[in-house]
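S.K.: Handing you this structure, nothing more for now.
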Amino acid sequence: MNIFSSPMPHQEYELLKIILEFIVGIIWPVTVLIIIYLFKKEIRTLLVKAKKVELPGGFSFETIEQDITEAKELSIEVKNERKPETQKIIDDANSSFETEANKRMIELGLTPSPSGLNINYYRKIVDIDPRLSLIGLRADLETMLKNLANGFKISIGAKDSVSQITSKLLDNGAITSRQYQFINTLFRICNTAAHGALITKDQALEVIEIAEVLVKEYIAWLSWGFDKN
């Protein structure tokens, strides 16, 4: 009797089929995990640089590297277009002014800054949670924008979005077109982070450093701009 030509019993066939399906089912997940482990640094670099990462099953998430690059370029342009008197105020400002910033805003009838315009406040939060630091920064920047509108006697609604406020500031000559682009890019970065974008500690610190350019512009406005309106 040739055992190789004998038909396999049904139960044994079904068992073999189940075993084969199980092996096939675990091969790809295990292979993917091995590839991710071996190339985790390279994969992370690609994810950070990507604008949007699409995953199987229709899932996707945003990253912010391109927006950070754009904001950095705009920050340089904003600094380059500063008037000499504005730059002098910024150069003369020191940490003591920052500690008095909220007092100055209260005197002007404005809303105090959550951080007291001390940007290091958000650098410390980065060590705890990079994304949380940008969420807090966004709230501070929004307070600054509303104060600008109030300081320049520009009417804004309680429910006005950041985009609407910046448009009104631009239309009324309170900010330049370059500042308008810069502000909107910063808010886009912070909003993207708040909605779950992939962000590293180094990226968050870079965004905070870029935002400091806007904070210094605001300090200059506090020093002279509102007194003239």
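The values are calculated or read from the model by the stated rules, or taken from the named source; none is laboratory data. Predicted model only: the values in this text are computed from it and were never measured. All Cβ positions, even for glycine, are placed from backbone atoms using ideal geometry, and neighbour counts span all protein chains on display. For the accessible areas, the whole protein counts, side chains as well, though only heavy atoms, and no ligand, DNA or RNA atoms are used. Shrake-Rupley method; radii C 1.70, N 1.55, O 1.52, S 1.80 Å.
S.K.: Report, by residue number, each residue of segment 99-119 that is acidic (Asp, Glu) and over 13 Å from Asn147 (Cα atoms). So that I can check it myself, show each step before the final result.
M.R.: Restricting attention to segment 99-119, the residues satisfying the condition of being acidic (Asp, Glu) are 100, 107.
Within segment 99-119, Glu100 is the sole residue that qualifies.
S.K.: Can you find, within segment 203-226, the residue that is nearest to Ile119 (Cα to Cα) among those that are open to solvent by 30 Å² or more (accessible area, probe 1.4 Å) and modelled with pLDDT of 90 or more? Before you say what the answer is, go through the steps one by one.
M.R.: Filtering segment 203-226 down to residues open to solvent by 30 Å² or more (accessible area, probe 1.4 Å) leaves 205-206, 209, 212, 216, 223-224.
So of that shortlist, the ones also modelled with pLDDT of 90 or more come out as 205-206, 209, 212.
Values: Leu205: 10, Glu206: 12, Glu209: 8, Glu212: 7 Å.
My answer is Glu212.
S.K.: Okay, next question. Considering only segment 145-168, I want to know if a residue exists there that is among the small types (Gly, Ala, Ser), open to solvent by less than 60 Å² (accessible area, probe 1.4 Å), in a loop (DSSP other than H, G, I, E, B) and out of contact with any strand residue (DSSP E or B) (no Cβ under 7 Å at 6 or more places or on another chain). Before you say what the answer is, go through the steps one by one.
M.R.: Initially, segment 145-168 is screened for residues among the small types (Gly, Ala, Ser), giving 149, 151, 155, 157-158, 161, 163, 167.
Next, from what is left, pick out any that are open to solvent by less than 60 Å² (accessible area, probe 1.4 Å): 149, 151, 157, 161, 167.
Okay, now just the ones that are also in a loop (DSSP other than H, G, I, E, B), so 157, 161.
Still in the running and out of contact with any strand residue (DSSP E or B) (no Cβ under 7 Å at 6 or more places or on another chain): 157, 161.
Within segment 145-168 (the criterion being among the small types (Gly, Ala, Ser), open to solvent by less than 60 Å² (accessible area, probe 1.4 Å), in a loop (DSSP other than H, G, I, E, B) and out of contact with any strand residue (DSSP E or B) (no Cβ under 7 Å at 6 or more places or on another chain)), the answer is yes, since at least one residue qualifies.
S.K.: Does Arg123 qualify as being at pLDDT 80 or above, basic (Lys, Arg), under 15 Å from the mean Cα position of the chain (by Cα) and not in a loop (DSSP other than H, G, I, E, B)?
M.R.: yes
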